[in-house]
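The values are calculated or read from the model by the stated rules, or taken from the named source; none is laboratory data. Being a predicted model, the structure only gives us computed values, none of them experimental. No Cβ is skipped: glycine too gets one built from the backbone with ideal geometry, and neighbour counts run over all protein chains shown.
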Amino acid sequence: MFTGPLDAAALERLKELAAGDSGRVSGRLAFVRDEQGRAVMEGHAEASLPLLCQRCAAVFQLEFHTDWRRIFARSEADERDLAEKGADVCYHVGLLDVADVVEEELMLALPMAPRHPEGCEPILRPATGTHPFAGLAGLLKRDRRDNRN
């Protein structure tokens, strides 16, 4: 089992999604064998990243975590068979960059539209006064009336 912090600044793809460099990432990995003798990576990662709130446009620190279990298939056919059964699987030849796997799993765990967990005021508020398209209602009524004649 491997446990420890990762250099968040070295995780380039994750850094591109963050709103700054002040993040922290830690992880835990274990490698075991399944019933068929295939290598299996079980992991857990935690991160705290500065993200841009999609509601108020302010930067906030989001703490999140992810767990995964990935089976390493022995062949492309084995990969297809496992994928059809719904397993999280990959077929990999050569050296494995574990930091890439952790980074990918963290990216998948990020919310699509990050927002403050405790709520915030939206940057866009409903306009007061007349609606910009209010005049269209009168035009549509007049057009329908003209088409009936």
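Quick notes on this structure:
- Selection count where residues are surrounded by 13 or more Cβ atoms within 10 Å (Cβ to Cβ) and assigned to a helix (DSSP H, G or I), scope the stretch 52-79: 2
- Subset of the stretch 96-111 (residues that are over 15 Å from the mean Cα position of the chain (by Cα) and among the β-branched types (V, I, T)): V98
- A single entry from M107, M112 fulfils the requirement of being loosely packed, with under 10 Cβ neighbours inside 10 Å, modelled with pLDDT of 85 or more and hydrophobic (A, V, I, L, M, F, W, C): M112.
- Hits in the stretch 34-63 - residues which are out of contact with any Ser or Thr (no Cβ under 7 Å at 6 or more places or on another chain), closer than 16 Å to L11 by Cα and of a type outside the set (S, T, Y): A47, L49, L51
- Looking across the stretch 86-139, the residues that are part of a helix (DSSP H, G or I), in contact (Cβ under 8 Å) with a residue 24 or more places away in the chain and of a type in the set (G, A, S) come down to A99, A109.
- Considering the stretch 44-85, and only residues there that are β-branched (V, I, T) and out of contact with any Lys or Arg (no Cβ under 9 Å at 6 or more places or on another chain), the residue that is farthest from L124 (Cα to Cα) turns out to be T66.
- Residue match in the stretch 27-41 (condition: within 20 Å of A109 (Cβ to Cβ) and either surrounded by fewer than 16 Cβ atoms within 10 Å (Cβ to Cβ) or modelled with pLDDT of 95 or more (or both)): yes
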